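Okay, here's the structure, questions in a sec.
The values are calculated or read from the model by the stated rules, or taken from the named source; none is laboratory data. Predicted model, so just to flag it, every value in this text is computed and none were measured. Neighbour counts are summed over all protein chains in view; Cβ atoms, including those assigned to glycine, are modelled from backbone coordinates with ideal geometry.
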Amino acid sequence: MRGILQWRPWAVLLLAAALTSAIAITDWKIVFEATLGFLYMFPLVLLGTIWGWKRLLLAAVFCTYLSDRLDPFPVDMQIPRNVLIFMTLATAGLLARAVTKAYRREMDGLARVEQEMLARRAAEEQPGGSVDYVFDRRDFAGQSGGPPAVRDAAGDLAGPRHRRIRAGARLGAVGE
């Protein structure tokens, strides 16, 4: 699925149209007492990666219409079957849309974090350009300061109240 998310929208649309056509022709030519309407789920999942919800619902209506016209079922079961097929197709398409949006949002966030990391690394490596990190003893001992031993250790690490440490500066090892 990740590969399809990187395709151009027109390629996804062409693949979905080809699948829909193949399913419709197969459903029309092969006559047996079963429906192939559930197969329209695959083109709708593809369309869910590129279309909004209104177009997806219209595509689900169209595929339900094709399933209704091309399947040999008696009229007395027609309405419940059409509702079931439409709901299945619409749910599959909308679920694919939601998963696609979440995936793209996560990938955008990951790209933003990577850019920020590279920018920080570049700023740290430049001579004279430093990134200041500010440590507060509360960062080490918690808001309340913790027990006395923790407060003393935090004071040793953070200094009197705040200590600025230049990025790349050598910090003393324990016991120095």
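Quick check, is ILE85 assigned to a helix (DSSP H, G or I), of a type in the set (A, V, I, L, M) and within 17 Å of ILE23 (Cα to Cα)?
yes
Filtering the range 101-124 down to residues that are within 22 Å of GLY48 (Cβ to Cβ) and not aliphatic (A, V, I, L, M), which residue is nearest to the chain's Cα centre (by Cα)?
TYR103
For LYS29, all conditions in the list (1) more than 18 Å from the chain's Cα centre (by Cα); (2) in contact (Cβ under 8 Å) with a residue 24 or more places away in the chain hold save one; what is the number of the exception?
The one condition LYS29 does not meet is (2).
Go through the residues of the range 65-82 one by one and say whether even a single one is surrounded by 12 or more Cβ atoms within 10 Å (Cβ to Cβ), of a type in the set (Val, Ile, Thr) and assigned by TED's automatic domain parsing to the domain that holds PRO9.
So far as the range 65-82 goes, no, none of its residues is surrounded by 12 or more Cβ atoms within 10 Å (Cβ to Cβ), of a type in the set (Val, Ile, Thr) and assigned by TED's automatic domain parsing to the domain that holds PRO9.
Quick one: count up the residues across the range 21-41 that are modelled with pLDDT of 85 or more and aliphatic (A, V, I, L, M).
Total satisfying the criteria: 6.
Follow-up question, since we're still on this one. Pairs only if they're at least six apart or on different chains, beta carbon under 7 angstrom, first in the range 4-15 and modelled with pLDDT of 90 or more, second hydrophobic (A, V, I, L, M, F, W, C) and in a helix (DSSP H, G or I); list them, first residue then second.
VAL12/ILE4; VAL12/LEU46; LEU15/LEU46
Quick check on ALA18: is it in contact with a Phe, Trp or Tyr (Cβ under 9 Å, 6 or more places away or on another chain), closer than 27 Å to ARG104 by Cβ, at pLDDT 95 or above and not aromatic (Phe, Trp, Tyr)?
Spelling it out, it is not the case that ALA18 is in contact with a Phe, Trp or Tyr (Cβ under 9 Å, 6 or more places away or on another chain), closer than 27 Å to ARG104 by Cβ, at pLDDT 95 or above and not aromatic (Phe, Trp, Tyr).
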